[in-house]
Structure formats: structure tokens, C-alpha cells
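Working notes, structure below.
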Amino acid sequence: MANEKTVSTKSSEEHVSTAFKWFHATSVNGGAMIIAAVISSYFSVYMTDTMGLPAASASLIMFIATFWDACNDPMMGVIADRTKSRWGRYRPYFIAAPILLTLFSVLIWVNPDFSTTGKFVWVLVTYIGYGMTVTMYTMPQVAVLPACVKSNERRNMIITMGAGVCAVAFLIGNTFTPNLTGFFNNLGFSNGYIPLMICCGILSFISFWGLFATSKERYLQPVQKGESLKNLKKVLKHVELFPNIIAWIMASMGYGLMFSTSVYYMTYYYERPDLIPVYMLVISIGATVSMVVLMPIVLKIFKTGQKSLIFSQATSIVCYLILFFFGRSNFMFLCVMTFISSCLSSMQNALVNVLVNDAIDYVQLKEGISANGVIASIKGFAQKCGNTFTSSGILAVLAVSGYVANAIGEQPDSAMFALNFLKFGAPCVTGIILIIAVLINPVAKYYKDIEEMKAKMEANE
């Protein structure tokens with residue numbers, strides 16, 4: 001397991017620069033994550049309530065874009081593993097990442113004076129571009145960690161650092177977006193989202209180019225022409241990894257539901273849009289506490305990522321059930337229980353990254369290959385599938401339920417039930433499935449063999 005002590009003394013003394021740790025932690029999880037948080041929480045509402053797209057059309061956009069986004073992840077993994085350059089296998093992608101990220105994150109917020117069909121096409125194209133950019137840098141960022149760091153202890157430390165930065169980024173993106181866009185609007189901008197995206201893009205330049213400068217790909221085996229596709233087949237033949245894939249999908253869905261439904265929930269179910277910043281702050285602070293404080297404690301107590309995941313999901317399910325039945329009774333009660341559930345559930349999105357490193361080590365044990373990019377791409381594919389179900393599913397359920405845009409206090413009972421279910425009922429379902437997937441994961445029985453393999457690798461350096 002990725003959190004168990006390594007056999008090798010040399011591995012425990014492995015030097016990893018502080019700069020690399022922080023640039024890796026802040027690359028995907030810094031400015032890029034603020035952008036992702038803003039898009040995740042506010043873009044669906046922007047499409048339906050500002051751009052005037054029907055919920056069904058917005059749902060179709062999200063389905064097409066996110067499904068394609070999921071499909072191109074394995075492609076990117078193969079491409080990344082086959083990359084040969086003077087800068088390495090994964091590092092070159094960190095150069096272009098912030099450029100394209102800034103471009104597409106700006107374009108998706110442009111509200112052109114087009115017909116409904118024209119707006120549909122515009123959003124679809126720009127959102128696909130944004131998603132492909134995220135794929136382009138996410139796969140190499142995940143794959144470069146085990147390529148640069150062999151020690152499980154240090155890998156997990158860097159993952160934890162990234163989780164903490166991610167939580168802070170989500171806090172900023174989810175809580176302060178109305179304030180930040182309002183600030184830019186007061187400066188004379190007609191659409192505050194655009195300068196906000198530019199500022200976040202500038203932050204991404206610093207972190208991604210810093211990661212490029214400080215990463216050193218030490219632990220990689222040469223990949224021959226056509227070998228990446230063969231590696232993909234070798235990885236997929238191991239049914240032992242399938243529960244991990246299910247876990248990645250469910251974790252993505254559960255995490256996405258927590259944020260993506262909140263604006264709709266507070267606006268139309270709770271009927272207090274003025275309290276959105278407060279409620280988003282509660283969720284974001286809970287997520288920050290989860291990543292920075294609670295997750296290291298939980299990992300220390302339960303020792304493994306699997307047991308920590310089970311604890312996270314089981315306790316959060318209890319909270320969600322309480323909120324489903326009693327969340328509307330009192331705002332203070334809603335905030336307290338939401339804070340607790342956010343503290344318990346948010347760590348799932350980071351803990352599943354431990355399973356990525358486990359899968360990489362397992363495949364290396366069984367097949368003798370470095371398939372970091374392929375496995376990272378499979379994880380990305382699973383995560384994007386979860387995003388597809390979440391983003392398009394929310395809008396589809398609202399469309400079917402009879403949701404009416406901008407009709408506060410006038411939603412039909414079917415829409416009110418749908419809003420409550422999406423916010424608190426659906427995460428219970430994803431949590432239960434995730435627990436089952438972790439419980440039936442058979443990879444754990446190979447941990448001793450994996451540690452022996454890694455000790456031999458260190459001894460042969």
C-alpha cells in the first residue's frame with residue numbers, strides 16, 4: 001500500500017527538492033483548480049440563467065463535452081508515455097499547459113450575441129477545448145510524480161500537500177467568485193468572469209513552468225514504438241484493477257455533486273440565493289479542514305488509503321441522510337451538518353490518488369513495465385466519466401423534473417424533490433458503491449511483493 005513503510009532504507013533517505021514538492025502540489029491544484037472550481041460551481045447556472053440555454057440543451061453540451069473528455073484521457077496517456085524529447089517524457093506538456101488553459105477558460109465565459117443554436121455550438125466547442133487542455137496537463141502531472149519520486153512516504157506527502165492546496169483553491173473558487181466577479185464588474189468589466197480567469201491563468205503559468213524546471217524523471221523504463229498501446233492492453237487485462245476504476249468514478253461523482261449542486265440548491269430549494277456565498281464558504285472551509293487537517297489524521301489512524309476511504313464514505317453517508325430529511329428545517333443546522341459532511345467526504349478525491357500509485361506499482365510487479373501515463377490516463381478517464389454523469393446528469397434531472405430558470409419560489413414539487421435528491425440523496429448512492437468497490441479490491445494481497453520489488457529497484461540503482 002502506498003502508505004505503508006518501505007523496505008528500503010535508501011528509499012526513506014531519497015532527496016526530493018522542496019521546490020518540486022510545492023510546484024507539483026500547486027500546478028493542477030493551484031490557479032488551474034480555482035478555474036475548475038469556478039466552472040464546476042457556477043458554469044451550469046451561467047448557461048441556463050445568464051446565457052438562456054434550456055436545461056436540456058445545457059445537459060447535452062455537458063454530456064458530449066465531458067464524455068469526449070473522458071475518452072481522450074487514455075489517448076493522452078498513450079501519447080504521454082510515447083513522448084520523447086530532450087526535456088523528458090512528461091515535462092514538455094507543462095510548458096503549453098498554462099497558455100491553452102488561460103485561453104479556453106476565458107472563451108467559455110464569453111456570451112456572444114448568437115441565436116440559441118449559435119450559443120450551443122460556441123459553448124460546446126470552447127468547453128471541449130477547455131476539457132482537452134485539462135487532460136493534456138493532468139495526465140503528465142499524475143504520471144510525473146512516481147517518475148520523480150520512488151518513496152511511498154514522500155509520494156503521499158506530496159499528494160497530501162496537493163490536497164491541501166486543492167482545498168484552498170476550491171475555497172477561493174467556490175466561495176468568493178461572486179465577490180471577485182463583482183469586484184471586476186465595478187472596475188468597468190462587463191463580464192467579471194473573464195478577468196478572473198486571466199488572473200488564475202497567470203498563477204498557473206508560475207506553477208506549471210516551475211514544475212517543468214524542478215522535475216527530474218529518474219524512475220522510467222524506455223518505451224518502444226507501439227509499446228504504449230500494448231501497455232494499455234496489459235493494464236486492462238488485470239481485473240484486479242477494475243474496483244479501483246469504479247472507486248475513481250464514484251469519488252469523482254460524489255465530490256462533484258457536493259459542489260455543482262450547491263448554487264441550484266440554495267437558490268431554488270432553500271430559496272435564499274443571498275446565502276450562497278455563506279453556504280459555499282461552509283463547504284469550502286470543510287473541504288480545507290478535510291484535506292489539510294483531517295486526512296493526515298485519518299491516514300495515520302487507519303494506516304491505508306482503502307480503510308480511510310471507507311471511513312470517509314460511511315460517515316459522510318450518515319450526514320447526507322440526515323440532511324436529506326432535515327436540511328431545510330434551519331439554516332444553522334444545515335451549515336453545521338454540511339460542514340461536518342464536507343470535512344468527512346472531501347478527502348475522497350485525494351485518497352483515490354493513493355490507488356493510482358498502487359496500480360502503477362502493481363502493474364510494474366506483474367508486467368515489469370512503467371505504465372505511469374497509461375494508468376494515470378485510466379484514472380483520468382474514470383474521473384471524467386464521473387464528471388460526465390455529474391455535470392450532464394444534474395441538468396438532465398432538472399430538465400425532466402420541470403425545473404424553471406429564474407423561478408425562485410415557483411418550482412414544481414418534482415423539481416424541489418430533484419434538487420434535494422441531487423444535493424444529498426445521490427452522494428449516498430455513490431458513497432455506498434465506492435465502499436463496495438474498495439472492499440472487494442484484491443490488489444491489497446500483493447503489497448508485500450510490491451515492497452520487495454521496490455527495494456530491489458533501489459538496490460540496483
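Odds and ends about this structure:
- Once the Cα gyration tensor of the chain is diagonalised, semi-axes √(5λ) in Å: 36, 25, 20
- Charge-dipole axis of the chain as Lys and Arg at +1 and Asp and Glu at -1 on Cβ define it, positive-most pick from 378, 310, 287: 378
- Euclidean distance between Cα centres, the stretch 151-207 to the stretch 330-377, Å: 21
- Dipole magnitude for the stretch 58-189: about 600 debye, using +1 per Lys or Arg Cβ and -1 per Asp or Glu Cβ, origin at the Cα centre.
- Cα-centred dipole magnitude for the chain, charges only on beta-carbon of K, R (+1) and D, E (-1), debye, nearest 20: 1200
- Within the straight-line cut-off of under 21 Å between alpha carbons, the lysines reachable from residue 234 are 225, 366, 379, 445, 454, sequence neighbours fewer than 8 places apart in one chain being disregarded.
- Environment charge at residue 409 (Cβ cut-off 14 Å; Lys +1, Arg +1, Asp -1, Glu -1): -2
- Working ranking of peptides 24-36, 170-182 by packing, defined as the average number of other Cβ atoms within 10 Å per residue, highest first, is 24-36, 170-182.
- Taking Cα atoms only, the orientation of helix 348-367 departs from the longest principal axis of the chain by about 30 degrees.
- Between the helical axis of 242-260 and the longest alpha-carbon principal axis of the chain there is an angle of about 30 degrees.
- Dipole of the stretch 1-151 [Lys/Arg +1, Asp/Glu -1 at C-beta], most positive-end residue of 57, 131, 74: 74
- The angle between the Cα long axis of helix 152-175 and the main principal axis of the chain comes to about 10°, on a 0 to 90 degree scale.
None of the figures in this text is laboratory data; all of them are computed from the coordinates on show. Note that this is a predicted model, so its numbers are computed, not measured. Counting neighbours? That spans all protein chains shown, and the Cβs are built from the backbone with ideal geometry, glycine included.
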